[in-house]
Amino acid sequence: MEVIDFLRCYMNITAHDPSVHYKDRELDQFDAIIPRIGTSVTFYGTAVLRQFEMMGVYPLNESVAISRSRDKLRSLQLLSRKGIGMPVTGFARSANDVQGILDIVGRAPAVIKLIQGTQGLGVVLAETDKAAESVIEAFIGLDANIIVQEFIKEAKGSDFRCLVIGEKVVAAMQRTAKEGEFRSNLHRGGSAQIAKLTPEERSTAVRAARTMGLNVAGVDLLRSNHGPVVMEVNSSPGLEGIEKATGKDVAGMIIEFMEKNAKRGKTRTRGSG
């Protein structure tokens, strides 16, 4: 195994002999690749990954699937089309539509999210209609794309991170927000412990990952009064927190999946899309 900084890669895009170069050498010896792409560099990371796909290198997660999951609005629309449970979500562009959006999600309290946000950044809980109006208008005034979602009060500040590999949830942890915080992300000071999922929750997590086209995904669920709802599908989930909480070697399971499935030229997209 070799670790490559994809930001240092450059590409020769040609019809007959596409290639990827890293520093001073051509990367033509790999059979498979495990992409770990930060949200802020998704565009360049998926471009490099797409180039490897064009060369016939097997990716753990394909570039199209990663791009799909990174677009919060697109991913929610895909989940909706498949009938997968999720919070009531509104999307608008004009400040004139604030009242309509709040009506859709059932008024305050409401959760307002930047579409480009990650690890809990760019997520605001507006506890009153007036606060929600002010936050939405401020974001729209800054030309930011946002979604507005119903607040799942019964979740009580806890969510479930389900680690999906292939067609199976291999590990799950319950994350609980720290006192006075509603975001349960470990980066925001939340705590984690091993979780026992219901069959419906396991099925929902697997279906969500499959809908995105991801072989490996971290699916975040909330327990609502109307069943499990998907908050996000992460294409490059952190492993440290869930391995510590569950005691499972998730990284080893990913390697085993690669050993069983990796084959040169075995990509669904071949760099298309």
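Go through the stretch 57-106 and give me each residue that's touching a residue at least 24 places away in the same chain (Cβ under 8 Å), outside any helix (DSSP H, G or I) and out of contact with any strand residue (DSSP E or B) (no Cβ under 9 Å at 6 or more places or on another chain).
Within the stretch 57-106, E62, D71, K82, R93, S94 meet the criteria.
Please work out if L78 is crowded, with 17+ Cβ neighbours inside 10 Å and more than 29 Å from I140 (Cα to Cα).
Values: crowded, with 17+ Cβ neighbours inside 10 Å: yes; more than 29 Å from I140 (Cα to Cα): no.
No.
Residues of the stretch 1-20 being aliphatic (A, V, I, L, M) and in a strand (DSSP E or B), which ones?
Of the stretch 1-20, the ones aliphatic (A, V, I, L, M) are 1, 3-4, 7, 11, 13, 15, 20.
Correct list: M11, V20.
What about S134, is it within 25 Å of T211 (Cβ to Cβ), at pLDDT below 95 and either among the hydroxyl-bearing types (S, T, Y) or part of a loop (DSSP other than H, G, I, E, B) (or both)?
On the way: within 25 Å of T211 (Cβ to Cβ): no; at pLDDT below 95: yes; either among the hydroxyl-bearing types (S, T, Y) or part of a loop (DSSP other than H, G, I, E, B) (or both): yes.
For S134, the condition - within 25 Å of T211 (Cβ to Cβ), at pLDDT below 95 and either among the hydroxyl-bearing types (S, T, Y) or part of a loop (DSSP other than H, G, I, E, B) (or both) - is not met.
Could you run through the stretch 21-56 and say how many residues are outside any helix (DSSP H, G or I) and farther than 22 Å from V164 by Cα?
Going through the stretch 21-56, the residues outside any helix (DSSP H, G or I) turn out to be 21-38, 55-56.
Still in the list and also farther than 22 Å from V164 by Cα: 21-31, 55-56.
The number of residues fulfilling the criteria is 13.
Can you tell me which residues in the stretch 137-176 are closer than 28 Å to A192 by Cβ and not in a strand (DSSP E or B)?
Narrowing the stretch 137-176 to residues closer than 28 Å to A192 by Cβ: 146-176.
The answer is F151, I152, K153, E154, A155, K156, G157, G166, E167.
Restricting the stretch 126-153 to residues that are farther than 15 Å from I115 by Cβ and among the acidic types (D, E), which is surrounded by the most Cβ atoms within 10 Å (Cβ to Cβ)? Reasoning before the result, please.
Looking only at the stretch 126-153, we keep the residues that are farther than 15 Å from I115 by Cβ, and these are 126-134, 137-138, 141, 150-153.
If we keep only those that are among the acidic types (D, E) as well, we get 127, 129, 133, 137, 150.
Details: E127: 12, D129: 15, E133: 17, E137: 13, E150: 19.
Going through the qualifying residues, I end up with E150.
Condition first: surrounded by fewer than 17 Cβ atoms within 10 Å (Cβ to Cβ), polar (S, T, N, Q), within 30 Å of T128 (Cα to Cα) and touching a residue at least 24 places away in the same chain (Cβ under 8 Å). Can you find one or more residues in the stretch 13-26 that meet it?
no
Please enumerate the residues belonging to the stretch 91-105 that are surrounded by fewer than 20 Cβ atoms within 10 Å (Cβ to Cβ) and at pLDDT 90 or above.
Filtering the stretch 91-105 for residues surrounded by fewer than 20 Cβ atoms within 10 Å (Cβ to Cβ) gives 91-97, 99-100, 102-104.
Within the stretch 91-105, F91, Q99, G100, L102, D103, I104 qualify.
The values are calculated or read from the model by the stated rules, or taken from the named source; none is laboratory data. In this text the structure is predicted, and so the values were computed from the model without any measurement. Quick reminder, even Gly has a Cβ in these numbers, built from the backbone with ideal geometry, and neighbours come from all protein chains shown.
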